[in-house]
Amino acid sequence: MIEVVLKKRRGAFTLDVAFRTADPEMSSPGVIALFGPSGCGKTTTVHAISGLLRPDAGIVRIGDATLFDSMRGIDVPAERRRIGYVFQDARLFPHLDVLKNLRYGANRAREEGPRIDFDEIVDLLGLGPLLARRPRRLSGGERQRVALGRALLCRPRLLLLDEPLASLDVARRAELLPYLERLRDRLSVPMIYVSHQFEEVLRLATHVVLLEAGRVVAEGDVTAVSIAPELRAAIGSDALGAVVEGEIEAVDSAAGLARLKVGTGRLMIQADELSAGRRVRVQLLARDLILGVEPPRGLSVRNCLEGTIVRLAPDAARTHLVEIDIGGPRLIAQVTTSASAELDLRVGRRLWVLVKTVSLRGHVYPALGAHPAPRNAESREATARTTEM
Amino acid sequence: MLLSPAEWEAFRLSLAIALRSVAMSLPLAVAIAWLLARRRFPGRTLFDAFVHLPLVLPPVAVGYVLLLLFGIHGPLGAWLDRSFGVRLAFTTDGAALATAVMSFPLMVRAMRLSLESVDPGLEEAARTLGAGPLDRFATVTLPLMMPGVLAGLVTAFAAGLGEFGAVITFASNIPGETRTLPLALYTALQTPNGDAEAARLAAVSFALGLAGLAISELLARRLWRRMAEPA
């Protein structure tokens, strides 16, 4: 369990955040994403969690360890918190080679904490060829990988990642993301991931905390936050789209399609590397959805999901946002006000949601648990979960 | 080179006094450089000015203040004499103290400049990796500010070789005790037919200064290379 309550005044800026997560029922302890625009207090929050910044008041509790509690006068110094921190700018020690950078944290690690094997980390992050090099001779992506390894090797109870991809170009980002996914799925270290790119959140997070101007405006799992009205304010209607998760039921490799069960319906997605049984996460962009008030016929669209309107709200620029329950999961669609009036959309109305399989391309992500279970699972729960898989 | 025994004595004394002054101010200089570069405290500006005072004061004035404080009848001098039997005024130790005080700001300045160029973010990173205050200073801050430490040491040593005013005021001009190269040179100039001796002493000072500068340049270059290149 992670519990964070922080209050901090810094000039005109006031940070006032609180969030907590229970242990998710998954093979990995999960990733909390702190998401929000620049200057909303994300970095200040992780700084305070790490102990590098002292909040005016609050609580930081990870598992059964209380690291900060202003009421009880507890303030464990940063060097004894065992919280790994991957900074935006890597912050590798320039006078040490990669091996010594990695050993720096490892040499100071305590006996307690998750067992992290040096060779496994080097292997997972592909650091082998870099060990003898100096940080100056590494690319941006390589530096972040070393920083990740260094933070993990101090056997942290929590890993903080402060926009580790922000200083990288698009190609490097794409290169680093799979490493992060692997770490998330194979190590039993919970992570707090700071980002202002919703796509990173989609790929990595199990729990999302949406921040705005120093406050938490929405919180929950990715599917819930993806349809929160507050998210629209943060990312705009164009990027808005409900996220659904589901297991692949069947794969038609000849057609290159996979069938995904979503609520009471089915979704066809283009899938080259997917196999039945894998869990995936799909984002259906609000502006890609087509609504029909009767069952459609004679269309090329592969996906038709039946549902009920649960909310209808005006959006900017003469459009409406329609929230539809499709038997559990919810979708969000953007339609023009005139279409909304013509179809007589209102709460409680039954309708059919159409989405082209092609428009889902690029919006399918592996869901948590899609990778093999942790090799080093220490806790009993983790072992039990492993045997289930 | 053909130096008289007295001239050798002055040469040796200069080296010994400069070395001792550098050794005694090194730890304090590192501490004060760190304080000035990394800490914010009330009176910091005033403290900064005080540390730099010897740079702008006439050396004779510094020697005089030392004499007032550390003379046999001065408050600190009397206490040292009574408690430890240590006398500083008119001794080699005193000459080293006067030299240390004069070259102290040079040392602090060099160290502080290089400390200010060390990214505090690296110290934060070391902290999150489990390093306590002394640990991170020794393993991150100090190695990264090493070029400045060495530059400070060499500059202070070179300047210490030539310290005149403060030494002659506080420690006097005693052959074999406090008569360093510049003092011997001055004495030679005051002596009839001392021109040849003065020339020799000037040449020695010149050579020492050049050697000091060359060594400091070499050390700095080596350090930078070590930091930039793979091991």
Checklist entry - Taking the stated definitions as given, is A:R143 surrounded by 17 or more Cβ atoms within 10 Å (Cβ to Cβ) and more than 10 Å from chain B (Cβ to nearest Cβ)? => result yes
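From A:R80, A:R108, which residue is facing chain B (nearest Cβ under 7 Å) and of a type in the set (D, E, K, R)?
Working: A:R80 fails: facing chain B (nearest Cβ under 7 Å).
Selected residue: A:R108, the only one of A:R80, A:R108 that is facing chain B (nearest Cβ under 7 Å) and of a type in the set (D, E, K, R).
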Next on the checklist: I'm told B:S172 meets every condition in (1) within 14 Å of another protein chain (Cβ to nearest Cβ); (2) surrounded by fewer than 23 Cβ atoms within 10 Å (Cβ to Cβ); (3) not in a helix (DSSP H, G or I) except one. Can you identify the failing condition by its number?
Outcome noted: (1)
Next on the checklist: Please go through (1) under 14 Å from A:A367 (Cα atoms); (2) in the same structural domain as A:Y85 (by TED's automatic domain parsing) for A:R215 and return the number of the only condition it doesn't satisfy.
Outcome noted: (1)
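Return the only residue of A:L125, A:L176, A:L165 being touching an Asp or Glu at 6+ places or on another chain (Cβ under 7 Å), among the aliphatic types (A, V, I, L, M) and away from chain B (no Cβ under 14 Å).
Details: A:L125 fails: touching an Asp or Glu at 6+ places or on another chain (Cβ under 7 Å); A:L176 fails: touching an Asp or Glu at 6+ places or on another chain (Cβ under 7 Å).
Of the residues listed, the single one that is touching an Asp or Glu at 6+ places or on another chain (Cβ under 7 Å), among the aliphatic types (A, V, I, L, M) and away from chain B (no Cβ under 14 Å) is A:L165.
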Item to check | Members of the range A:118-140 that are more than 19 Å from A:E175 (Cβ to Cβ) and surrounded by 21 or more Cβ atoms within 10 Å (Cβ to Cβ) | outcome: A:R134
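Counting just the residues of the range A:341-363 that are within 19 Å of A:R318 (Cα to Cα) and in contact (Cβ under 8 Å) with a residue 40 or more places away in the chain, which one comes out surrounded by the most Cβ atoms within 10 Å (Cβ to Cβ)? Walk me through it before giving the result.
As a first pass, look at the range A:341-363 and keep what is within 19 Å of A:R318 (Cα to Cα): A:341-347.
If we keep only those that are in contact (Cβ under 8 Å) with a residue 40 or more places away in the chain as well, we get A:343-345.
Values: A:L343: 16, A:D344: 8, A:L345: 20.
For the range A:341-363, the residue satisfying everything is A:L345.
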Checklist outcome for this item: By residue number, the members of the range A:193-220 that are closer than 27 Å to A:R9 by Cβ and either of a type in the set (G, A, S) or surrounded by fewer than 22 Cβ atoms within 10 Å (Cβ to Cβ) (or both) are A:S195, A:H196, A:E212, A:A213, A:G214, A:R215, A:V216, A:V217, A:A218, A:E219
Next on the checklist: Within the range A:146-161, does at least one residue satisfy the condition of being assigned to a loop (DSSP other than H, G, I, E, B) and away from chain B (no Cβ under 13 Å)?
Outcome noted: no
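Would you confirm whether or not the range A:20-29 contains a residue that is in contact with a helix residue (DSSP H, G or I) (Cβ under 6 Å, 6 or more places away or on another chain), buried (at least 21 other Cβ atoms within 10 Å of the Cβ) and closer than 22 Å to A:E200 by Cα?
Of all residues in the range A:20-29, those in contact with a helix residue (DSSP H, G or I) (Cβ under 6 Å, 6 or more places away or on another chain) come to A:27-28.
Then drop every residue that is not buried (at least 21 other Cβ atoms within 10 Å of the Cβ), which leaves A:27-28.
Restricting the remaining residues to those that are closer than 22 Å to A:E200 by Cα gives A:27-28.
Among the residues of the range A:20-29, at least one is in contact with a helix residue (DSSP H, G or I) (Cβ under 6 Å, 6 or more places away or on another chain), buried (at least 21 other Cβ atoms within 10 Å of the Cβ) and closer than 22 Å to A:E200 by Cα, which makes the answer yes.
Could you please give the count of residues in the range B:63-92 that are part of a helix (DSSP H, G or I) and either touching a Leu at 6+ places or on another chain (Cβ under 8 Å) or among the hydroxyl-bearing types (S, T, Y) (or both)?
Initial filter on the range B:63-92 (part of a helix (DSSP H, G or I)): B:63-70, B:75-84, B:92.
Going one step further and asking which of them are either touching a Leu at 6+ places or on another chain (Cβ under 8 Å) or among the hydroxyl-bearing types (S, T, Y) (or both), we end up with B:64, B:66, B:69-70, B:75-77, B:80, B:83, B:92.
Total satisfying the criteria: 10.
Kindly indicate the residue of the range A:63-77 that is under 18 Å from A:R110 (Cβ atoms) and either within 12 Å of another protein chain (Cβ to nearest Cβ) or at pLDDT 90 or above (or both) and also surrounded by the fewest Cβ atoms within 10 Å (Cβ to Cβ) among those meeting that condition. Show your work before the answer.
First, pick out the residues of the range A:63-77 that are under 18 Å from A:R110 (Cβ atoms): A:63-67, A:76-77.
Going one step further and asking which of them are either within 12 Å of another protein chain (Cβ to nearest Cβ) or at pLDDT 90 or above (or both), we end up with A:66-67, A:76-77.
Values: A:T66: 14, A:L67: 23, A:V76: 16, A:P77: 12.
Among those that are under 18 Å from A:R110 (Cβ atoms) and either within 12 Å of another protein chain (Cβ to nearest Cβ) or at pLDDT 90 or above (or both), it is A:P77.
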Item to check | Residues of the range B:127-146 classified as facing another protein chain (nearest Cβ under 7 Å), in contact with a Ser or Thr (Cβ under 9 Å, 6 or more places away or on another chain) and crowded, with 23+ Cβ neighbours inside 10 Å, total | outcome: 3
Next on the checklist: Among the residues that make up the range B:81-88, is at least one of them among the hydrophobic types (A, V, I, L, M, F, W, C), surrounded by fewer than 18 Cβ atoms within 10 Å (Cβ to Cβ) and at pLDDT 90 or above?
Outcome noted: no
Checklist outcome for this item: Of those in the range A:179-194 that are assigned to a helix (DSSP H, G or I) and out of contact with any Lys or Arg (no Cβ under 9 Å at 6 or more places or on another chain), the residue farthest from the other protein chains (Cβ to nearest Cβ) is A:D185
Next on the checklist: It is to be established whether one or more residues within the range B:12-32 are in a helix (DSSP H, G or I), over 30 Å from B:L142 (Cα atoms) and among the small types (G, A, S).
Outcome noted: no
Checklist entry - Across the range A:271-291, what is the total count of residues that are assigned to a strand (DSSP E or B), modelled with pLDDT of 85 or more and closer than 22 Å to A:R203 by Cβ? => result 6
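Scan the range B:115-125 and give yes if some residue there is in contact with a Cys (Cβ under 6 Å, 6 or more places away or on another chain) and either crowded, with 24+ Cβ neighbours inside 10 Å or away from chain A (no Cβ under 14 Å) (or both), otherwise no. Working first, answer last.
So in the range B:115-125, the residues in contact with a Cys (Cβ under 6 Å, 6 or more places away or on another chain) come out as none.
No - not one qualifying residue is present in the range B:115-125.
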Checklist entry - Which of the residues that make up the range A:109-132 are touching a residue at least 12 places away in the same chain (Cβ under 8 Å) and acidic (D, E)? => result A:E112, A:D117, A:E120
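So which of A:D56, A:D89 ends up being of a type in the set (D, E), touching a residue at least 24 places away in the same chain (Cβ under 8 Å) and within 11 Å of chain B (Cβ to nearest Cβ)?
Numbers: A:D56 fails: within 11 Å of chain B (Cβ to nearest Cβ).
Of A:D56, A:D89, the one residue that is of a type in the set (D, E), touching a residue at least 24 places away in the same chain (Cβ under 8 Å) and within 11 Å of chain B (Cβ to nearest Cβ) is A:D89.
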Item to check | Neighbours by Cβ (under 8 Å, 6+ apart or cross-chain): first from the range B:28-39, within 14 Å of B:E123 (Cα to Cα); second at pLDDT below 95 and crowded, with 20+ Cβ neighbours inside 10 Å | outcome: B:W34/B:L115; B:W34/B:T141; B:A37/B:R112; B:A37/B:L115; B:R38/B:L115
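The values are calculated or read from the model by the stated rules, or taken from the named source; none is laboratory data. Since this is a predicted model, take the numbers as computed values, not measurements. When we count neighbours, we look across all protein chains shown, and the Cβ atoms used for this are built from the backbone with ideal geometry, even at glycine.
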